[in-house]
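Inspection log for the structure reproduced underneath, given as structure tokens.
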Amino acid sequence: MLSVENLHVRYGNIEALHGVSFTLERGEIVTLIGANGAGKTTTLHSIMRLPPPEAPRVTQGDIRFEGASILGVEPHDVVRRLGIGLVPEGRRIFGNLTVQENLTLATYARKDDSAAVQQDLGRVFELFPRLKERQRQLADSLSGGEQQMLAVGRALMSRCEVILLDEPSMGLAPLLMFDMFRTLKHLNEEGLTILVVEQNAKVALDFAHRGYVMDTGAIVAEGTSAELRADPSVKKAYLGG
Amino acid sequence: MIESLFQNILNALQWGSFYSLIALGYCLVYGVLLLINFAHGDIFMVGAYISFFVVTFLLGNFGLIPGLPHWAVLALAVPLVMILTAGVGVTLERIAYRPLRRKGAHRLYVVITALMCGLILENGNLALLGASRRNFPALVDETVITVGGVNMTVLKLAVIVVAVLSFLFLRKVVVKTKIGMAMRAISYDKFAVPLMGIPVDTVIVFTFVLGSGFAGLAGLLFAMTYPVLDPYMGAMIGWKAFIAAVVGGIGSIRGAFAGGFLLGFVEIMVVAFFPSTFRDLIAFTILLLILWRKPTGLFGVARRTKI
């Protein structure tokens, strides 16, 4: 479905990714794990085609979606035409808008009728009842966990088929984190394809079907979650021995 | 005495209306881009000149078309002037601000660019049309109506009504519509907006259309009220409208509107009680005191960010 092929990208004179390749098939949960600065976020931003300075310049390689290169696609079209959504690191919800406005905004580009939008809104509220309770509040007033729910809810409202999650566990209490991953698993079972980037390798490998390990701008290991968990070098570097 | 008070209030409302209409444009662009568009006062000036040419053309004074009746000229001039002035604003955005934004330039450079754009508009106008002032043709009946000792004209009242309606319209757009939500979202976090499937540039262009369109409307009304145009007419009123927007709380539609009227009131009332040469001195001292008490302006809130 999505394939990243020998991707090289640069920030100015510094090469941040040196030939990253991986694939994501429909219905999968795949994780990219690795330490801070390994290039995980850069990879996600490159897929979303975000403009500089958020995303660096692709100098070599390709990103393909359903076989076609998406390097020329504008970021908003990555979302509305290709149906790839990003839940960014730090969530980046719009704090000056209400919860409901945040969710409505994600339907900006949708051409279908308001009944369908209402139905999706109902579904998001069903998944995250807390958001329903707080729908009229400014998103700024939400707790970290609720903001994460809102960020995922937003991606669902834009009818994404593939969702890229950047450090979804960051800043969440363990209980909330497990709740979040349970909900995401449920969404995956309903057909959502997920690519998740995590520093918390243990949680990520428990959640994902397959994984790739990144280190300083390159993929250094790959395999099913079970394989990676058993890999001695992965164990040593990322799973605490 | 009481008549003169009402007279001053009416004058202040009218004078404040111009500040408000221009301040709304500053506010919209600032609200979305955090850019103080210092060319905005000059866009107002260009709007007044566009009004001059559109009205002269429609009256048949260029001899290109047979003249239309005055009501038809006015009915056509309003949308035409707004569209054409919006075009000027959008052009500035396209050729001056967008390239800088694409390169990720610091906001300071964009503000300097805005200042330069204003100077280019002023001096471009001077080079193109010469230094001689233009007299705006009379369009509406300027008979003075006196109600209870207070003098007014239809135009004076119309200016106030238009300013209020423009404010209500812009507020509705920003608060209720999806594109208004997108405008507010951009001001909060430009990064996350494309992730909602929203083309950021389209929203920014729309913002310039609104701001410049209403500056054009202000230009038309101003030219009708004070029918002498010169290339520098936008500079001072633009600065003052910007100050009005800051005092109101820049970024807040309500603040820009209130700030414009506040400045109008302060100026008119100062002149009512002091020699008119003191006007700007006292007016701006008062505004300074307001900012001193409330640095974010009347309706502004300090920006909070949550990580």
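What to note about this one:
- Principal axis analysis of the Cα atoms in segment A:49-111 yields extents of 41, 28, 14 Å, listed in decreasing size.
- Enclosed volume per residue, in Å³, of the convex hull spanned by Cα atoms of segment A:125-204: 94 Å³
- Here is the interface size for B with A: some 2500 Å² of accessible area buried, both sides summed, with a 1.4 Å probe.
- Shape of segment B:188-307, Cα gyration tensor, a/c cut at 1.5: oblate
- Amide hydrogen proximity for B:Val193: with H placed 1.01 Å from N in the peptide plane, no residue at 5 or more positions away or on another chain lies under 5 Å.
- Taking a straight Cα-Cα cut-off under 12 Å and skipping sequence neighbours fewer than 8 places away in the same chain, the aspartates and glutamates within cross-link reach of B:Lys176 are A:Glu101.
- Solvent-accessible area of B:Ile237 with every protein chain in place, 1.4 Å probe, in Å² to the nearest 10: 10 Å²
- Shown is the FRET efficiency for A:Thr23 and B:Leu34, computed with R0 = 41 Å from the Cβ-Cβ distance and rounded to the nearest 0.05: 0.55.
- Over chain B, relative contact order from alpha-carbon pairs under 8 Å, at least 6 apart, %: 36 percent
- Per-residue accessible area (protein heavy atoms, 1.4 Å probe) orders A:Lys132, A:Lys185, B:Lys240, A:Lys236 as A:Lys236, A:Lys132, A:Lys185, B:Lys240, starting from the largest.
- Helix-only [θ]222 nm of chain B, DSSP H runs n ≥ 4, -39500 (n - 2.57) each, per residue, nearest 500: -24000 deg cm²/dmol
- Using bins of 10 Å that start at zero, the share of Cα-Cα pairs per bin across segment B:1-122 amounts to 12, 32, 27, 20, 8, 1, in whole %.
- Under 14 Å of direct C-alpha separation, and excluding same-chain neighbours fewer than eight residues apart, B:Lys156 reaches these aspartates and glutamates: B:Asp141, B:Glu142.
- Part-to-part distance (alpha-carbon centres) for segment B:27-42 and segment B:261-299, which is given in Å: 22 Å
- GNM remark for chain B: springs join alpha carbons under 10 Å apart, and the peak mean-square fluctuation among B:Glu267, B:Glu93, B:Glu142 falls on B:Glu142.
- Cross-link partners for B:Lys240 among the aspartates and glutamates, with Cα-Cα distance under 12 Å and sequence neighbours closer than 8 places in the same chain left out: B:Glu267, B:Asp280.
- Across the alpha-carbon atoms of segment A:2-238, the computed radius of gyration and Dmax are 17.4, 53 angstrom.
- DSSP-defined antiparallel bridges as percent of all bridges, the protein assembly as shown, nearest 5: 60 percent
- Accessible surface of A:His8, taken over heavy atoms with a 1.4 Å probe and every protein chain present, rounds to 30 Å².
- Here segment A:187-241 is treated as a sphere whose radius is the Kirkwood value from Cα pairs; by Stokes-Einstein at 10 °C and 1.306 mPa s it diffuses with a coefficient of 135 µm²/s.
- Expressed to the nearest 5 percent, the antiparallel share of DSSP beta bridges inside segment A:95-241 is 60 percent.
- Here is the list for segment B:26-73: chymotrypsin sites (Phe, Trp or Tyr not before Pro) lying in DSSP coil, each with at most 14 other C-beta atoms within 10 angstrom of its C-beta, are B:Phe62.
- Longest to shortest principal axis, alpha-carbon extents of chain B, angstrom: 60, 51, 36
- For A:Ile163, distant residues with modelled amide H under 5 Å away: A:Gly85, A:Thr193, A:Ile194, A:Leu195
- Cα extents for the protein assembly as shown along the principal axes, largest to smallest and rounded to whole angstrom: 92, 47, 44.
- At 0.692 mPa s and 37 °C, Stokes D of segment B:54-198 from Kirkwood alpha-carbon radius, µm² per second: 167 µm²/s
- Rounded D (µm²/s) - segment B:77-148, Kirkwood Rh over Cα pairs, Stokes-Einstein at 20 °C, 1.002 mPa s: 137 µm²/s
- Candidates A:Gln147, A:Gln135, A:Gln199: whichever shows maximal mean-square fluctuation once chain A is modelled as a Gaussian network with Cα springs under 10 Å: A:Gln135
- Percentage relative contact order, chain A, counting C-alpha pairs under 8 Å, at least six apart: 29 percent
- Estimated [θ] at 222 nm from DSSP helical runs (n ≥ 4, -39500 (n - 2.57)) normalised by residues in chain A, nearest 500: -10500 deg cm²/dmol
- Accessible area in square angstrom per residue, segment A:2-238, 1.4 angstrom probe: 42 Å²
The values are calculated or read from the model by the stated rules, or taken from the named source; none is laboratory data. Given the structure is predicted, the values throughout are model-derived calculations rather than measurements. For neighbour counting, all protein chains shown are included, and Cβ atoms are generated from backbone atoms with ideal geometry for every residue, glycine included. Note: areas computed on protein heavy atoms with side chains; ligands, DNA, RNA excluded. Shrake-Rupley method; radii C 1.70, N 1.55, O 1.52, S 1.80 Å.
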